[in-house]
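The values are calculated or read from the model by the stated rules, or taken from the named source; none is laboratory data. Predicted, not measured: the structure shown is a model, and the values here were computed from it. Note that each Cβ is placed from the backbone with ideal geometry, even for glycine, and that neighbours are counted across all protein chains shown. Protein only, heavy atoms only, side chains kept; ligands, DNA and RNA dropped before computing areas. Shrake-Rupley method; radii C 1.70, N 1.55, O 1.52, S 1.80 Å.
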Amino acid sequence: MSESGVLKLVGTVLPSGEQQELYLSGGLVVDRPATGDVTTVHTGGWIVPGLVDAHCHIGLDTHGGVDRETAERQAVADRDAGALLVRDAGSPTDTRWIDDRPDLPKIIRAGRHIARSKRYIRNYGWEIEPAELVAYVEQEALRSDGWVKLVGDWIDRDAGDLTPCWPAEALTAAIARAHELGARVTAHVFGEHALPDLLAAGIDCIEHGTGLEPEMLALMAERQVAVVPTLIQLENFPEYADQAAAKFPVYSAHMTDLYDRRLHRLRDAFEAGVPVYAGTDAGGVLGHGLIAQEIQALTGIGMSGEQALAAGSWAAREWLGVPSTLQPGDPADLVVYDDDPRVHPAVLSHPKVIVLRGRIASSGEFMR
């Protein structure tokens with residue numbers, strides 16, 4: 001159809017649950033036209049605002065930054081799974097060119113990881129010392145899309161276990177500077193010990209959160225400090241523990257304990273009112289296109305099907321400052337399913353129709 005035409009979809013629109021007719025034109029949801037060329041592209045099913053992968057790494061693989069062709073394949077895999085909005089939680093690759101591609105997901109970038117020297121995965125992040133933290137946070141805040149990513153803890157080979165990467169005073173100054181610049185700060189944290197200083201410094205989000213303790217949860221709920229647990233990534237903890245057992249037995253036992261307690265701790269956080277969002281951690285050891293599995297996994301920490309879907313769709317969109325419903329004037333980004341994904345979460349792995357910026361996906365290709 002032409003750019004001037006209007007697409008029409010009919011179905012049950014979530015989160016309202018109302019049967020509606022949606023009209024799409026120029027990349028937006030529009031009011032019903034009085035006259036003109038209207039093409040009905042789908043009738044029936046459940047229509048969901050585009051899914052969100054709130055912890056993803058387009059432009060990154062196990063070795064570091066990737067070339068443009070690989071980054072494109074990653075973005076396409078996410079799109080074809082229904083993830084039409086991605087919060088890129090750290091990448092060394094410049095992916096700004098994706099912003100000019102109407103067929104690829106919208107990315108909200110956190111810049112490059114900021115890690116302590118020799119305390120993170122090689123070729124992933126900036127590796128610096130605490131005296132440099134404010135300057136690097138400022139740099140990434142200015143070049144990102146309103147987020148900065150810290151590595152809050154990692155294995156300390158001298159200690160033989162996870163330890164905090166940053167002293168409290170450095171965190172306090174760096175997070176304050178990010179907030180002055182209008183950016184939010186998130187941190188990778190596996191263990192327990194880095195969390196008190198991060199929370200005291202005003203962190204906005206915790207990635208993974210396997211070390212959350214009960215005494216932290218009331219403050220997190222009050223301040224709405226979010227957690228993106230990356231549950232399918234946590235399934236790798238036993239492997240990490242096994243690999244480290246001979247050389248770092250304390251770390252190995254700690255990772256095993258974190259894994260064993262993960263669902264209980266994350267359930268406690270959710271039940272305490274801590275916001276929880278869906279993110280896959282794709283781009284490191286995990287492939288892309290896994291958002292449906294991550295949303296389904298959230299039901300394992302006590303979220304209902306509707307709450308889990310919200311965490312990977314409209315609630316996550318609102319958290320990231322993107323229109324979260326499909327009202328006239330909102331981006332025409334949506335996914336259609338044959339069954340109600342609130343009741344049958346497995347259907348999320350089988351999208352019927354994907355619409356990105358008003359374009360319909362068909363057999364992996366986008367057409368006007």
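Round to the nearest 0.05 the FRET efficiency obtained for residue 285 and residue 200 when R0 = 25 Å and r is the Cβ-Cβ distance. Provide the component values of the computation, followed by the final result.
Numbers: r = 31 Å, r/R0 = 1.25.
Once rounded, the FRET efficiency stands at 0.20.
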### Query
In terms of the Cα gyration tensor, with a ≥ b ≥ c the square roots of its eigenvalues, is segment 126-228 rounded because a/c is under 1.5, prolate because a/b exceeds b/c, or oblate?
oblate
### Query
Given the Cα-Cα distance of residue 239 and residue 37 and 0.36 nm per residue of separation, how much length would full extension add, in nm?
67.1 nm
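Just the Kirkwood number for segment 192-244, please: inverse of mean 1/r across all distinct Cα pairs, in Å, one decimal.
On the way: mean 1/r = 0.0824 Å⁻¹.
Answer for segment 192-244: a Kirkwood hydrodynamic radius of 12.1 Å.
With +1 on each Lys and Arg Cβ and -1 on each Asp and Glu Cβ, how big is the dipole of segment 66-211 about its Cα centre, in debye rounded to the nearest 20? Spell out each step's value before the answer.
Details: 18 positive and 26 negative charges, 45 e Å.
Once rounded to the nearest 20, the dipole reads 220 debye.
I need to check one value: relative contact order of segment 127-234, counting alpha carbon pairs closer than 8 Å and at least 6 residues apart, in percent.
Working: 181 pairs, mean separation 25.6, N = 108.
The normalised contact order for segment 127-234 reaches 24 percent.
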### Query
For the chain, max minus min Cα coordinate along each principal axis, in Å, sorted largest first?
70, 37, 37
### Message
Per DSSP helix of 4 or more residues, -39500 (n - 2.57); summed, then divided by the residues of the chain. What does that give at 222 nm, rounded to the nearest 500?
### Response
-9000 deg cm²/dmol
#### Entry: Candidate aspartates and glutamates for bridging to residue 247, where Cα separation is under 16 Å - those fewer than 8 sequence places away on the same chain excluded
156, 158, 161, 239
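Computed over the Cα atoms, what is the radius of gyration of segment 1-148 divided by 2.2 N^0.38 Å, N being its residue count?
Here the Cα radius of gyration is 1.36 times the empirical estimate.
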## Note on the structure
Among 287, 240, 251, the residue whose Cα sits farthest towards the positive end of the charge dipole of segment 176-301 (+1 at Cβ of Lys and Arg, -1 at Cβ of Asp and Glu, taken about the Cα centre) is 287
### Query
For residue 349, what is the net charge nearby, where nearby means another residue's Cβ is under 13 Å from its Cβ and Lys, Arg count +1, Asp, Glu -1?
-3
### Task
Determine which lysines satisfy two conditions relative to residue 8: a Cα distance under 26 Å, and not lying fewer than 8 residues away in the same chain.
106, 352
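Once you order the gyration tensor axes a ≥ b ≥ c over the Cα atoms, which shape class does segment 273-366 get: rounded for a/c under 1.5, otherwise prolate or oblate by comparing a/b with b/c? Numbers along the way, then the final one.
Details: a/c = 1.44, a/b = 1.23, b/c = 1.17.
Taking the square roots of the gyration eigenvalues as a ≥ b ≥ c, segment 273-366 is rounded.
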#### Entry: Between 0 and 90°, nearest 10: helix 214-223 axis offset from the chain longest Cα axis
50 degrees
### Summary
For residue 138, the net charge from surrounding residues (Cβ-Cβ under 15 Å; K, R +1; D, E -1) works out to +2
### Query
Can you give the charge dipole size of the chain about its Cα centre, rounded to the nearest 20 debye, using +1 on the beta carbon of Lys and Arg and -1 on the beta carbon of Asp and Glu?
480 debye
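How would you classify segment 236-295 from its alpha-carbon gyration tensor, with a ≥ b ≥ c the square roots of the eigenvalues: rounded for a/c under 1.5, else prolate if a/b is greater than b/c, otherwise oblate?
Values: a/c = 3.48, a/b = 1.33, b/c = 2.62.
Here segment 236-295 falls in the oblate category.
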### Message
As I understand it, the value is the acute angle between the Cα axis of helix 68-80 and the longest principal axis of the Cα atoms of the chain; what does it come to in degrees, rounded to 10?
### Response
60 degrees
### Query
Can you pull the percent of the chain's accessible area that's carbon plus sulfur, 1.4 Å probe, other chains left in place?
48 percent
### Which of 165, 209, 186, positive extreme of dipole for segment 140-264 (C-beta unit charges)
186
